[in-house]
Amino acid sequence: MVEPFGIAFDKAGNSYVIEFKGNRLLKITPDGQTTLFAGTGKAGFSGDGGPAHAAALNEPHGVVISPDQKLYIADTHNNRVRRIDLRTGTITTVAGNGEAGYSGDGGPAAAASFKGIFAIDLSPDGKTLLIADLSNRRVRSVDLASGIVRTIAGNGDKGVPNDGAVAAESPLVDPRAVAGDRRGNVYVLERGGNALRVVDKSGRIRTLIKPGSVTPDLKGPKHLCVDKRGDVVIADAENHLVRRYHVKTGETSTIAGTGVKGPLNRPHGVWMHPSGWLYITDSYNHRILRMR
């Protein structure tokens, strides 16, 4: 594998792995057979409306699969989110017009401008696509039924939001990843801000982890997910750790890694399998790990 950054799972037991520098999506069957599923291996943009294996991707980062078996790719440097129907293998664009910029809120997501889509997630019911629009310093959502995009956090300014403020009217430092939970919360992970924030279902934002609040501080965290207990798991990449934020207590613990490059080497992704296994994309060791 070439720098795996994301992994997702379908109902048939197959895994799908995004390779950042490989510009590919690989499919791994339950018996371990690996095939090319999307991407030509060469960076670019092409292929919408045709078979995914013939389409070009441009340094993709994230991947998620909806309950209706649609696979979504954060096609980062194409400034798009693309969708593959797992039944037909056809790829299309669902968000982003390919132009780096900010526009389109209140209208169709496919006509909107984004800048640096590094991570995506789906709401637990599969009805809403969540997008970390990093270079626009915003978190945006797409209603998959209507295709309409809106901003749910970030006003485009760089800064630390005040606790309790309206999230969509507040600054953010650099939202690198986003994840939703079953209570209607949206968690936002900031790479350079080294912070974890949450937007509650009323649209108010609050900081959960900030520099100086944990030891060691977060250091260039890249991804997060919500586990079966509702806690937040963080790929703390530059610390070479995977950590858990315990929602009920506010405590943070280390669950994988020693803090030294080796056992983990800049992990860029953490993903929950429906069975309860936690998968870690150990990106610079070019491998995928799993743990209970």
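The values are calculated or read from the model by the stated rules, or taken from the named source; none is laboratory data. None of these values were measured; they are calculated from a predicted model. Cβ coordinates were reconstructed from backbone atoms using ideal geometry, including for glycine residues, and neighbour counts include every protein chain displayed. Surface accessibility is based on the protein's heavy atoms, side chains included, excluding ligands, DNA and RNA. Shrake-Rupley method; radii C 1.70, N 1.55, O 1.52, S 1.80 Å.
Structural remarks
- Taking each residue as 0.36 nm, the span from K21 to R183 lengthens on full extension beyond its C-alpha to C-alpha distance by 54.8 nm.
- Relative contact order [Cα under 8 Å, 6+ residues apart], the chain, whole percent: 11 percent
- Solvent accessible area, Å² - H77, 1.4 Å probe, full protein context: 80 Å²
- Take every pair of alpha-carbon atoms less than 8 Å apart whose residues are at least six positions apart; their mean separation over the length of the stretch 1-103 yields a relative contact order of 19 percent.
- Between A165 and D48, the distance separating the two model label sites (each 7 Å from Cα on the Cα→Cβ line) works out to 3.5 nm.
- A Förster radius of 35 Å, combined with the Cβ-Cβ distance separating L36 from S253, puts the computed FRET efficiency at roughly 0.40.
- Listed values [x] 42, 29, 16; [y] 69, 17, 15; [z] 26, 23, 17, entry calculated as semi-axes √(5λ) of the Cα gyration tensor in Å: [z]
- Both radii come from the Cα set of the stretch 1-64: Rg as radius of gyration, Rh as Kirkwood radius; their ratio Rg/Rh reads 0.96.
- Which listed pairs, of K27/K70; K70/K222; K115/K261; K127/K158, have C-alpha distances above 26 Å, in listed order: K115/K261; K127/K158
- Cα-based shape type of the stretch 230-277, given that a ≥ b ≥ c are square roots of the gyration tensor eigenvalues and the cut on a/c is 1.5: oblate
- The Cα-based radius of gyration of the stretch 34-106, divided by its Kirkwood radius, gives an Rg/Rh of 0.96.
- With every protein chain in place, the chain: carbon and sulfur % of accessible area (1.4 Å): 48 percent
- Over the Cα atoms of the stretch 119-206, the radius of gyration divided by the Kirkwood radius equals 0.93; this is the Rg/Rh ratio.
- When F20, F114 are compared by accessible surface with a 1.4 Å probe, the order from highest to lowest is F20, F114.
- Accessible area per residue, Å², the stretch 120-218 with all protein chains present, probe 1.4 Å: 41 Å²
- Between A100 and N155, the modelled label-to-label distance comes to 2.6 nm, taking each label 7 Å out from Cα in the direction of the beta carbon.
- Computed over the stretch 233-292: relative contact order in percent, which uses C-alpha pairs under 8 Å that are six or more apart: 25 percent
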